[in-house]
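Notes to accompany the following structure.
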Amino acid sequence: MADLEFYQFPCLSDNYGVLVHNADTGETASIDAPDADAVEQALSDKGWKLTHILVTHHHWDHTQGIADLKSKYACHVIGPKAEASKIKDLDETFSDGDAFEFGGETVEVISTPGHTLGMINFHFPKSCVVFTGDTLFALGCGRIFEGDANMMWDSLSKLAKLPKGTIVYCGHEYTQANADFSLTIEPDNQALVVRAKEIATLRSQGKPTLPTSIALELETNVFLRAGNATEFARIRTAKDNA
Ligand code: ZN
Ligand code: FE
């Protein structure tokens, strides 16, 4: 069985789409559907045909392409059970601890409430990849729109326990702003100082700063490094007001 291939592309103003493909089975999943046209362009760039959409949460910039893509490709749409009433066109829904098969691999569903109450993340243990939606970002985390700080801290703590080598894809390119903020919290974190310089270089060249990894986030992400929910809440509030 072929290894899964992962193809990331920018879309909308600061979103990322990712396609996941298995050359032997021919299956191709779009992680979220931020923009049907951008997903179709990526499919044609790779010569892949869409068979699945894996939806992390109900926000429009992750779901607005679902209807067009489904009508065109008759793909199978998987999403969070807890947001089934908010997302149209779901074929199958999952909750925390569930698993399903895609492209010859088992995909583990991790619920990460906080940004939205029903957010789910998709962990591919064999490929050592996780899709964190708007929960964990490079050097950041999602704004807490529907949950509370305790909930988001618990969600981030679950992701922090994944194997360190796990590659992290997320929904947005917010890394430069996150780096600027992070340096106000941990100005003496040398790994963060080095990474912030790398990020500035990448962005000045118009290049993505993603994917990242659990190991790198554990070293440099001030939200993951908060240590407890109270300190996390303080940092999250500071970022909201930055
Ligand atoms: Zn969102
Ligand atoms: Fe988003």
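D by Stokes-Einstein for segment 122-242, Kirkwood Rh over Cα pairs, 4 °C, 1.567 mPa s: 90 µm²/s. Assuming charge only on the beta carbon of Lys and Arg (+1) and of Asp and Glu (-1), the dipole of segment 59-132 about its Cα centre is about 160 debye to the nearest 20.
Across all directions, the average projected area of the convex hull around the alpha carbons of the chain is 12.1 nm².
Charge dipole of the chain (Cα centre as origin; +1 on each Lys and Arg Cβ, -1 on each Asp and Glu Cβ, all else neutral): 460 debye, rounded to the nearest 20.
Taking a straight line from the alpha carbon of Lys72, these lysines sit under 17 Å away, with near neighbours fewer than eight places off in the same chain left out: Lys49, Lys88. Ligands, DNA and RNA excluded, the heavy atoms of Tyr73 present near 50 Å² of accessible surface to a 1.4 Å solvent probe. Computed on segment 191-238, the Cα convex hull volume stands at 88 Å³ per residue. Considering only beta bridges that DSSP places wholly inside segment 5-173, some 70 percent are antiparallel. Helical content alone sets the calculated 222 nm signal of the chain at -9500 deg cm²/dmol, taking -39,500 (n - 2.57) per DSSP H segment of four or more residues and averaging over every residue.
The accessible-area ordering, largest first, of the residues Ser85, Ser127 stands as Ser85, Ser127, per a 1.4 angstrom probe. Bridgeable aspartates and glutamates around Lys46 (alpha carbons under 14 Å apart, same-chain partners fewer than 8 residues away excluded): Glu5, Glu27.
Any lysines with Cα under 26 Å of the Lys158 Cα? List them, leaving off those in the same chain fewer than 8 positions away. Answer for Lys158, where 26 Å is the Cα cut-off: Lys81, Lys86, Lys126, Lys239, listed by chain and number.
The values are calculated or read from the model by the stated rules, or taken from the named source; none is laboratory data. All of these numbers come straight from a predicted model, not from anything done at the bench. Don't worry about glycine lacking a Cβ; one is built from the backbone with ideal geometry, like all the others, and counts go over all protein chains shown. The accessibility values were calculated without ligands, DNA or RNA, using every heavy atom of the protein model including side chains. Shrake-Rupley method; radii C 1.70, N 1.55, O 1.52, S 1.80 Å.
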